[in-house]
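The values are calculated or read from the model by the stated rules, or taken from the named source; none is laboratory data. Not measured: the values here are computed from a predicted model. Virtual Cβ from ideal backbone geometry, glycine too; neighbours counted across all protein chains shown. Just the protein is used for accessible areas: all its heavy atoms, side chains included, with ligands, DNA and RNA removed. Shrake-Rupley method; radii C 1.70, N 1.55, O 1.52, S 1.80 Å.
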Amino acid sequence: MGLFRHWDFRLDSTIIPYLRTPKEAAASVTWGDLWPTILLFCGYGALLFTAWRPITKIYRAIKLSLKQRLYTTFVMLFVGGLLFLAIRGGVDTATANVSKVYFSDNMFLNQAATNPVFSFLSSAARSELKDNDYRYYSDEECAEIFSTIADNKQTPNEYVIKNQRPNVVLIMLESLGRTVIDEVIDGKAVAPHLQAIKREGIWFENMYANSYRTDRGTVAVMSGYPAHPVISVMKYPQKAHTLPAIARSLQAEGYATSFMYGGDANFTNTISYLYGTGVERITDKAQMHFDAPTNKWGYADEVVCPYFADEVLQLAQDEKPFFATLLTLSSHEPFDVNYSAFENKILNSVSYTDLHVGKMIDKWRSSPAWDNLLVILIADHGMPYPENLTTGSLARQRIPM
């Protein structure tokens, strides 16, 4: 508690290496930091002891038969199961994590809501990077590779947007790798709407994903932070909050910032990352109340895309510029969608997402908001299609932008 003022993040496993040199670790802490926490510790101890004594007297006075002991044992096991369910965070896809208590773009309020014991235990259980987990290039090889980039810098010589402060919409397309959106079956394009947008917009031919999971791809897209080979930076709030971010940069320029996802945004600490990097308002399935079924992950793109489209049009009526992000959902395994364009479940789900993203953009195109709207579409990562495509292959990492 004394170190919080200096470290500015909740107690976690970061403290462990410092225990080797406690004198240096405590050097920043004054007696003024310590005496309130010592009093609080004594107060908690006294309260626990006061509650514990009468409870033990009750249990000592009760004499139970064997049958009663067996009955109470089964009751305790059942209650223990319910307790485990609560510790897990319920039966939903996302297990309990620090992100579940984040609710504000004021980081101090989120830190106050974080349970320090949970924060410590969850961070201590994570896998840490070891020296031999990743093979690095030598300094000479690095210099040779980057010299080719440095020697070919080109400065843009024309603006491609009419307004220098447009409203910005970022659409992250779940798993939509190039191998699926470029697919044509019996003369029928799997993603005709994205192909049409590709022809009229600015197309990046050689775009590659940073990872194969959404939590890492999101950080790569929104913070420009290369995905780590072993760990997910999103699961380390104290690190994630320090990353650069599009949202924070635009927020500093007076933009309103928001994020929408039809699933549970608590998954893999996403809410923690978003609030920590400048997103002011987050909407996920907990705030959505559609008269529509949900799949394993949440609400389908068929209901979320129109909802997001209307929100963008509403934001466009305000004088304040905005940066709004949507993460689609339906093209994620198990690829269950109410649609039947292709026999292959992967291609069918991609076609479904393509249809509703296309309708959303057509709605914006036919509105006055279109003249001042910069829409960016990019996949968070690729997809194993064809099914024999391995995770490490280059084709698997290629994505549209």
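How would you rank 114-120, 262-268, highest first, on the average number of other Cβ atoms within 10 Å across their residues?
Details: 114-120: 15.9, 262-268: 24.4.
Sorting 114-120, 262-268 by mean packing, highest first, produces 262-268, 114-120.
Order of 104-111, 208-215, 309-316 by packing, highest average Cβ count within 10 Å first? All intermediate terms of the calculation are to be shown ahead of the outcome.
Values: 104-111: 15.4, 208-215: 19.6, 309-316: 17.1.
Ranking, from highest mean packing down: 208-215, 309-316, 104-111.
Hey, can you grab everything whose amide H is under 5 Å from the amide H of Ile185? Only 5+ residues off in sequence or another chain; H modelled, so Pro and N-termini drop out.
HN-HN under 5 Å from Ile185: Val190.
Could you tell me which residue out of Thr268, His356, Val375 lies farthest along the dipole of segment 247-385 toward its positive end? Charges go on the beta carbon: Lys and Arg +1, Asp and Glu -1, centred on the Cα centre.
Thr268
Going by average Cβ density within 10 Å per residue, which order do the peptides 362-374, 279-291, 171-183, 247-259 take, highest to lowest? Write down the numbers at each step before the final one.
Working: 362-374: 14.2, 279-291: 15.8, 171-183: 23.2, 247-259: 17.6.
Output ranking for 362-374, 279-291, 171-183, 247-259: 171-183, 247-259, 279-291, 362-374.
How large is ³J(HN,Hα), in whole Hz, for each residue of segment 245-261 in order, when computed from phi with the Karplus curve 6.51 cos²θ - 1.76 cosθ + 1.60 and θ = phi - 60°, using x for Gly and Pro?
7, 4, 4, 5, 5, 6, 4, 5, 8, x, 7, 7, 10, 8, 9, 9, 8
Given that just one value was derived from the coordinates, which of [x] 22.3, 66; [y] 25.8, 88; [z] 28.0, 86 is Rg and Dmax of the Cα atoms in Å?
[y]
Straight distance only, please: which lysines reach the Cα of Lys239 with their own Cα at less than 16 Å, same-chain residues fewer than 8 apart left out?
none
Find which of Leu34, Ala395, Leu347 sits farthest along the positive direction of the dipole of the chain, computed with +1 on the beta-carbon of Lys and Arg, -1 on that of Asp and Glu, about the Cα centre.
Leu34
Under DSSP H, which helices of the chain have Cα atoms covering 20 Å or more of the helix axis and a Kyte-Doolittle average no less than 0.0? Could the numbers behind the result be given before it?
Numbers: long enough: 31-61 (46 Å, 0.57); 66-88 (33 Å, 1.21); 301-316 (22 Å, 0.54); 345-365 (30 Å, -0.38).
TM-like helix candidates: 31-61, 66-88, 301-316.
Taking the Cα centre of segment 151-286 as origin, work out the dipole magnitude from +1 charges on Lys and Arg Cβ and -1 charges on Asp and Glu Cβ, in debye rounded to 20.
Working: 14 positive and 13 negative charges, 58 e Å.
That gives a dipole near 280 debye.
Could you tell me which residue out of Ser232, Val117, Gly177 lies farthest along the dipole of the chain toward its positive end? Charges go on the beta carbon: Lys and Arg +1, Asp and Glu -1, centred on the Cα centre.
Val117
How much of the accessible area of the chain, probe 1.4 Å, is carbon plus sulfur, in whole percent?
Numbers: 14470 of 24080 Å².
Ligands and nucleic acids excluded, carbon and sulfur give 60 percent.
Hey, if we sort Val233, Val190 by accessible area with the 1.4 Å probe, largest down, what's the order?
Working: Val233 25, Val190 0 Å².
Result, largest first: Val233, Val190.
Can you list the lysines whose alpha carbon is less than 20 Å from that of Lys345, not counting same-chain residues fewer than 8 positions off?
The qualifying lysines are Lys188, Lys296.
Pull up all non-local amide H partners of Ile399: gap of 5 or more, or a different chain, and H-to-H distance under 5 Å with H placed in the peptide plane.
For Ile399, whose amide H was placed from the backbone, the distant partners under 5 Å are Arg178, Met207, Tyr208, Ala209.
So, with +1 on the Cβ of K and R and -1 on the Cβ of D and E, and no other charges, what is the size of the charge dipole of segment 249-401 about its Cα centre, to the nearest 20 debye? List each step's numbers first, then the result.
Numbers: 10 positive and 19 negative charges, 58 e Å.
It works out to roughly 280 debye.
Ignoring ligands, DNA and RNA, what accessible area per residue does the chain give at 1.4 Å, in Å²? Please list the in-between numbers first.
Working: 24080 Å² over 401 residues.
About 60 Å² of surface per residue is accessible.
Charges only on Cβ, +1 for Lys and Arg, -1 for Asp and Glu: so what's the dipole of the chain about the Cα centre, in debye to the nearest 20? Intermediate results must be reported in sequence, preceding the final value.
Working: 37 positive and 41 negative charges, 455 e Å.
In debye, rounded to 20, the chain gives about 2180.
Could you pull out every residue, at least 5 positions away or on a different chain, whose amide H is within less than 5 Å of the one on Ala379? Hs are placed 1.01 Å off N in the peptide plane, and Pro or chain starts have none.
For Ala379, whose amide H was placed from the backbone, the distant partners under 5 Å are Leu173.
I'd like the distance between the alpha-carbon centres of segment 224-289 and segment 82-116, rounded to an integer number of Å.
15
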